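What follows is a single structure, written as structure tokens, with notes after it.
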Amino acid sequence: EAQVTQNPRYLITVTGKKLTVTCSQNMNHEYMSWYRQDPGLGLRQIYYSMNVEVTDKGDVPEGYKVSRKEKRNFPLILESPSPNQTSLYFCASSYSGGAETQYFGPGTRLLVL
Amino acid sequence: KNQVEQSPQSLIILEGKNCTLQCNYTVSPFSNLRWYKQDTGRGPVSLTIMTFSENTKSNGRYTATLDADTKQSSLHITASQLSDSASYICVVSDGSTLGRLYFGRGTQLTVWP
């Protein structure tokens, strides 16, 4: 089944403890992207990647890192999480980043205490 | 500044009625405009994608229109069903930076029986 998977789905952590949220797609898509969604603010793009070893900043990259060492995986890294990074995170992928359907993962709920 | 504004913020309609959601954007240059449906707690699902040369596109009971001159789009839902209750999100792609997306805050639609 074609899908985007994220792990973990739920995470509670404490300020300053490094964490990684994984994202994987099995559709051989070149484009992958991370978003966060907060009440009243909607979805905002954090980072995106047009292909392996190519990443670019979105709207709200501060406090986040990403890497794209292989096509199928695009992990989101929080080196020193803070409470303002408590949010719902979505990973998505599409064939090329152009005018085609983007497929979203199920989301990761993160709570930083 | 590139922005996407949606109206209304929320809307309640009776089952079987039609409704129209609005999206205005300032993103320039423009590449494409997408409408997504997002059920509570789930990832967005693509409804339509329109490029500069397209001014209407349908997906079942959903019809999107685009006026690239006035930078406006609408999503029309015909014969609404209870399952249409969701958030509808307008997303505009930046034509100068492939992969860079700008999101509206969404219209929360509630369909009552």
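The values are calculated or read from the model by the stated rules, or taken from the named source; none is laboratory data. The model shown is predicted, which means the values in this text are computed figures rather than measured ones. Cβ placement follows ideal geometry from the backbone for every residue including glycine, while neighbour counts extend to all protein chains displayed. We work out accessible area using only protein heavy atoms, side chains counted, and drop any ligands, DNA or RNA first. Shrake-Rupley method; radii C 1.70, N 1.55, O 1.52, S 1.80 Å.
Given A:Gly97, A:Gly58, which one is surrounded by 15 or more Cβ atoms within 10 Å (Cβ to Cβ), touching a residue at least 60 places away in the same chain (Cβ under 8 Å), within 19 Å of B:Pro44 (Cα to Cα) and facing chain B (nearest Cβ under 8 Å)?
Details: A:Gly58 fails: touching a residue at least 60 places away in the same chain (Cβ under 8 Å).
Among A:Gly97, A:Gly58, only A:Gly97 is surrounded by 15 or more Cβ atoms within 10 Å (Cβ to Cβ), touching a residue at least 60 places away in the same chain (Cβ under 8 Å), within 19 Å of B:Pro44 (Cα to Cα) and facing chain B (nearest Cβ under 8 Å).
I'm checking my understanding of the structure. Among residues of region A:81-105 that are among the hydrophobic types (A, V, I, L, M, F, W, C) and outside any loop (DSSP other than H, G, I, E, B), which one is nearest to A:Val14 (Cα to Cα)? Spell out how you get there, then give the answer.
Of the residues in region A:81-105, the ones among the hydrophobic types (A, V, I, L, M, F, W, C) are A:88, A:90-92, A:99, A:104.
Adding the requirement that they be outside any loop (DSSP other than H, G, I, E, B) leaves A:88, A:90-92, A:104.
On the way: A:Leu88: 16, A:Phe90: 21, A:Cys91: 22, A:Ala92: 26, A:Phe104: 27 Å.
Across region A:81-105, the extreme among qualifying residues is A:Leu88.
Does region A:72-88 include one or more residues that are farther than 25 Å from B:Gln108 by Cβ, in contact with an Asp or Glu (Cβ under 9 Å, 6 or more places away or on another chain) and open to solvent by less than 10 Å² (accessible area, probe 1.4 Å)?
First pass over region A:72-88, keeping only residues farther than 25 Å from B:Gln108 by Cβ: A:72-83.
When the remaining residues are screened for being in contact with an Asp or Glu (Cβ under 9 Å, 6 or more places away or on another chain), the result is none.
No - not one qualifying residue is present in region A:72-88.
Could you check, for region A:10-27, whether at least one of its residues is facing chain B (nearest Cβ under 10 Å) and either among the small types (Gly, Ala, Ser) or surrounded by 20 or more Cβ atoms within 10 Å (Cβ to Cβ) (or both)?
Initially, region A:10-27 is screened for residues facing chain B (nearest Cβ under 10 Å), giving none.
No, because not a single residue in region A:10-27 is facing chain B (nearest Cβ under 10 Å) and either among the small types (Gly, Ala, Ser) or surrounded by 20 or more Cβ atoms within 10 Å (Cβ to Cβ) (or both).
Can you name the strands (runs of 3 or more DSSP E) wholly within region A:1-50 that have at least 1 residues being of a type outside the set (A, V, I, L, M, F, W, C), in contact with a Gly (Cβ under 9 Å, 6 or more places away or on another chain) and within 12 Å of A:Phe90 (Cβ to Cβ)?
Numbers: elements: A:4-7, A:10-13, A:19-25, A:31-38.
By residue number, A:4-7, A:31-38.
How about region B:48-101: which strands (runs of 3 or more DSSP E) wholly inside it have at least 3 residues that are farther than 17 Å from B:Thr26 by Cβ and open to solvent by 60 Å² or more (accessible area, probe 1.4 Å)?
Numbers: elements: B:56-59, B:62-67, B:72-77, B:86-94.
Per the criteria, B:56-59.
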